Amino acid sequence: MQTVSVKELLSGKQLQQEVTINGWVRTFRSNRFIALNDGSTINNIQCVVDFENFDETVLKQINTGSALRIGGTLVKSQGKGQSFEIQVNDIFVHGNADPDTYPIQPKKHSLEFLREKAHLRVRTNTFSAIMRVRSALSFAIHNYFRNNGFHYFHAPIITGSDAEGAGEMFRVTTLDEKNPPLTEDGTVDYKADFFGKETNLTVSGQLEAEAYAMGLGKVYTFGPTFRAENSNTSRHLAEFWMIEPEMAFFDLHDNMDLAEDFIKDVISYVLEHCQEDLAFLEKRLLDEEKSKPQAERSPMPLLEKLKFVVDNNFKRVSYTEAFDILRNSKPNKKKKFQYPIDEWGVDLQSEHERYLVEKHFNCPVILFDYPAKIKAFYMRLNEDGKTVRAMDILFPGIGEIVGGSQREERLDVLKQKIADLGIDEKELWWYLDLRRFGTAEHSGFGLGFERLVLFATGMGNIRDVIPFPRTPQNAEF
Ligand code: 4AD
Ligand code: MG
C-alpha cells in the first residue's frame with residue numbers, strides 16, 4: 001500500500017490530496033482529534049475525525065499507543081499548533097493498546113520509570129528525539145571517515161587479547177560450567193574450550209585496527225565493546241559502542257588534529273540535520289533545570305553549547321601543566337578534592353577533569369603526554385623516559401570522551417614494556433610482528449559513542465542514550 005510518512009505530510013506537498021499514513025496514537029482528544037506519530041519526526045500529524053461517520057467499536061480502540069492506518073485528505077489546519085491536518089475518512093486499527101495497562105500515557109514520566117520500560121520508551125518524544133540524533137550521529141561518523149580517505153574495518157568481537165590490560169573482560173566459553181575439564185594442576189583446561197584457548201569479548205578493536213592501518217593506511221572501527229568494570233556511574237556501560245580510527249604515519253599531533261576536526265564535523269552535522277529534535281531536547285533540558293539549584297544548571301543552552309564546541313579550538317595542555325594547575329587550584333589547597341593532587345604521576349579522577357574543563361578552561365581540553373605508569377602498554381615512550389604520547393579529550397559535563405595515543409612502533413622498546421608489565425610476549429606475537437615487518441609511526445584513538453550522544457543530546461545518564469543499556473545487575477530486554 002502506498003503510504004507517506006508524517007514528516008513528508010508536514011512538508012505540505014500533498015495538500016488537498018488523498019493520503020494514507022500509519023502510526024501510533026499519541027493522544028485522542030474529544031473523540032475528534034488524533035495526534036499520530038510514526039517516528040519519522042518529533043512532530044505529530046493531527047487527524048480530525050467526524051465521529052458520526054465511524055462505528056463506536058472503532059472509536060473505542062483509538063487509545064494512546066494504538067497502531068492505526070488512516071486515510072484522508074491533507075488540508076490546511078484551522079486550529080493552532082499545526083499548519084496541516086488530515087480530514088479522516090478511513091481508519092484501520094492495526095492493534096489497540098489497553099488504556100488500563102499501557103504504561104506510556106500522555107503525561108510526564110520520569111526517566112527512571114521509562115528505563116524500566118525500555119521496550120516502549122522510544123514512543124515518547126524524548127526517546128524518539130535521542131534515538132534519531134543517535135542514528136544521525138552514526139551516519140555522520142561513517143560519512144566523515146569516508147570523506148577523509150578512511151576504510152571501515154570490522155574488528156573481531158571475540159578475542160584472546162586484553163588491549164587495555166585492565167583485565168575487565170567478559171569470558172566467552174562453551175565449557176560445562178558445572179564440570180569443566182581440568183589440567184593436571186587443577187585449573188580449568190581452556191585447551192579443551194571452543195577456541196582452544198581463553199577468549200573474551202573485546203574491550204577495544206585497537207590492536208587489530210593497528211594491523212589493518214599498517215596495510216590500508218587509514219582505517220576505523222565502529223562497533224560494540226565490552227567492559228566488565230563494576231562502575232555504576234552515569235558515564236559507564238558494560239556494553240558500549242566505540243569508534244576507533246587508526247592511522248599509519250600519524251604522530252600524536254596529527255592524531256589530536258584529526259580527533260578535534262572529527263568531533264566538530266559530526267556535531268555540525270547534527271546541528272544541521274536534527275534541528276527539531278535538538279530544539280525539543282534543549283527545551284526539555286531547560287524545563288528540567290528549572291528545578292535544580294543555580295550552581296548545577298548548565299551555563300549554556302544545548303544548541304549554544306554545541307555551537308561553542310564547533311566554533312572554538314580545544315585547549316591543548318600537557319599532563320604536567322594540568323598537574324600544576326590542579327595542584328595550585330583552590331579546591332586542592334582547601335582539600336576539597338576527594339583525591340588530593342600532591343605527587344606528579346597521580347592518575348586524574350573525574351573531579352580533576354571536571355575542574356579543568358568546567359572551572360579552569362571552560363572549553364573542551366586535550367590532555368597529552370601522560371605519565372607512562374598510568375597508561376596502557378602500547379603507548380609511545382617520550383624521550384624523557386617517563387611520559388608517553390597519550391591524549392585524552394575531556395568535555396564539559398561528560399569528562400573523558402576520547403582516549404588515544406601515538407603507538408610504540410619500536411620493537412625493542414615495546415618488548416621491554418611488555419616484559420616490565422609481566423605480559424607474556426607470546427600472547428602478542430602477531431602485534432610484535434607489526435614492529436618487525438615495515439613498522440612505522442602510527443596513531444589512533446577511541447571515542448565512546450554513547451558519551452558523544454550524551455553530549456549532543458544534553459542528557460545526563462548514559463543509560464538513556466543507548467536503546468537497551470547493559471550495566472551491572474541489568475541485562476533486561
Ligand atoms: O580510553 P579507552 O579505554 O581507550 C581505548 O580503549 C583505546 N584502545 C582506544 C584507542 O586508542 N583506539 O576508551 C576510549 C573511550 C573513552 O574515552 C570513553 O569515551 C569510552 O571509550 N569508554 C566508555 N564509554 C562507556 N562506558 C564505558 N565503560 C567506557 N569505557 C570507555
Ligand atoms: Mg581512557
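The values are calculated or read from the model by the stated rules, or taken from the named source; none is laboratory data. Given the structure is predicted, the values throughout are model-derived calculations rather than measurements. Using ideal geometry, Cβ is built from the backbone for each residue, glycine included, and neighbour counts are taken over all protein chains shown.
Tabulated results
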read-out	value
Residue selected from region 181-199 under the condition out of contact with any helix residue (DSSP H, G or I) (no Cβ under 8 Å at 6 or more places or on another chain), surrounded by 11 or more Cβ atoms within 10 Å (Cβ to Cβ) and not β-branched (Val, Ile, Thr), by the criterion farthest from residue 225 (Cα to Cα)	182
Residue count, region 90-119 (criterion: charged (D, E, K, R) and touching a Gly at 6+ places or on another chain (Cβ under 7 Å))	1
Among residues of region 370-395, those that are crowded, with 21+ Cβ neighbours inside 10 Å and away from ligand 2 (no atom under 15 Å from the Cβ), counted	2
Selection count, region 426-455, where residues are among the hydroxyl-bearing types (Ser, Thr, Tyr) and either within 14 Å of ligand 1 (Cβ to nearest atom) or touching a Phe, Trp or Tyr at 6+ places or on another chain (Cβ under 7 Å) (or both)	2
Candidate set from region 425-450 (those that are within 16 Å of ligand 2 (Cβ to nearest atom) and not in a helix (DSSP H, G or I)); member that is nearest to the chain's Cα centre (by Cα)	448
Test: residue in region 32-48 that is assigned to a loop (DSSP other than H, G, I, E, B), modelled with pLDDT under 95 and among the small types (Gly, Ala, Ser)	no
Any hit, region 157-167, residues being assigned to a strand (DSSP E or B) and not hydrophobic (A, V, I, L, M, F, W, C)	yes
So residue 63, is it without any contact (Cβ under 8 Å) to a residue 40 or more places away in the chain and more than 39 Å from the chain's Cα centre (by Cα)	no
When residues of region 224-237 are limited to those that are under 12 Å from residue 450 (Cα atoms) and in contact with a strand residue (DSSP E or B) (Cβ under 7 Å, 6 or more places away or on another chain), the one surrounded by the fewest Cβ atoms within 10 Å (Cβ to Cβ)	224
Counted residues, region 451-460 - those being within 18 Å of residue 164 (Cβ to Cβ) and more than 14 Å from ligand 2 (Cβ to nearest atom)	0
Enumeration of residues in region 254-266 that are of a type outside the set (A, V, I, L, M), touching a Ser or Thr at 6+ places or on another chain (Cβ under 9 Å) and farther than 15 Å from residue 379 by Cβ	254
Residue 211 being among the small types (Gly, Ala, Ser) and touching a Phe, Trp or Tyr at 6+ places or on another chain (Cβ under 8 Å)	yes
Single residue of 458, 403 found to be within 25 Å of the chain's Cα centre (by Cα), more than 16 Å from ligand 1 (Cβ to nearest atom) and either among the basic types (Lys, Arg) or at pLDDT 95 or above (or both)	458
Positions within region 145-176 being of a type in the set (A, V, I, L, M), within 14 Å of ligand 1 (Cβ to nearest atom) and either exposed (fewer than 15 other Cβ atoms within 10 Å of the Cβ) or modelled with pLDDT of 90 or more (or both), in sequence order	155, 166, 169
Residue in region 233-252 that is assigned to a helix (DSSP H, G or I), more than 18 Å from the chain's Cα centre (by Cα) and not small (Gly, Ala, Ser) present	yes
Residues of region 339-368 classified as within 15 Å of ligand 2 (Cβ to nearest atom) and not in a helix (DSSP H, G or I), total	7
Single condition residue 402 does not satisfy, out of (1) within 13 Å of ligand 2 (Cβ to nearest atom); (2) closer than 21 Å to residue 339 by Cβ	(2)
Single residue of region 74-128 satisfying the filter (part of a loop (DSSP other than H, G, I, E, B) and among the β-branched types (Val, Ile, Thr)) that is surrounded by the fewest Cβ atoms within 10 Å (Cβ to Cβ)	101
Any hit, region 397-419, residues being part of a helix (DSSP H, G or I), surrounded by 14 or more Cβ atoms within 10 Å (Cβ to Cβ) and in contact (Cβ under 8 Å) with a residue 40 or more places away in the chain	yes
